[in-house]
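Here is the structure we will look at.
The values are calculated or read from the model by the stated rules, or taken from the named source; none is laboratory data. Since this is a predicted model, take the numbers as computed values, not measurements. Backbone-built Cβ (ideal geometry, glycine too); neighbour counts: all protein chains shown.
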Amino acid sequence: MVSELDPDGVESRALLQAMDFNNARVLEVGSGDGRLAFRYANASAFVVGIEPQEKEIAAAVEACPLHLRHRMSFLQTTALALPFRNESFDIAVLAWSL
């Protein structure tokens, strides 16, 4: 089940105003259950959410809307052990990770 920490969408509106997600390759560090990533994924080329907790990754994969599954993936890892080449992403989101 996806958490609803921002039912009015204030957080996602602020994020969408601060960044141009249009066709961007996005890395979300600490993606949790995917609740925020799902809100900007439609505009992005693709989104990779990373999260150290297996339970959260499983929740994100399960909750991912069908129409977004081709452009989203979730991996269990940390920002200290990124399995990506340099410059793989245009935007990094760390909404609740700091």
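Table for the structure above
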read-out	value
Listing of helices (runs of 4 or more DSSP H) fully contained in the range 1-95 that carry 1 or more residues being free of Cβ contacts under 8 Å to residues at least 24 places away in the same chain	10-18, 54-63
Evaluation of VAL93 against (1) modelled with pLDDT under 95; (2) farther than 13 Å from ASP33 by Cα; (3) among the hydrophobic types (A, V, I, L, M, F, W, C); (4) out of contact with any helix residue (DSSP H, G or I) (no Cβ under 8 Å at 6 or more places or on another chain) (one fails), failing number	(4)
The lone exception for ASN86 - which of (1) at pLDDT 95 or above; (2) more than 27 Å from ASP8 (Cβ to Cβ) it fails	(1)
Output for the range 57-91, where each listed residue is farther than 27 Å from GLN17 by Cα and of a type in the set (Asp, Glu)	GLU62
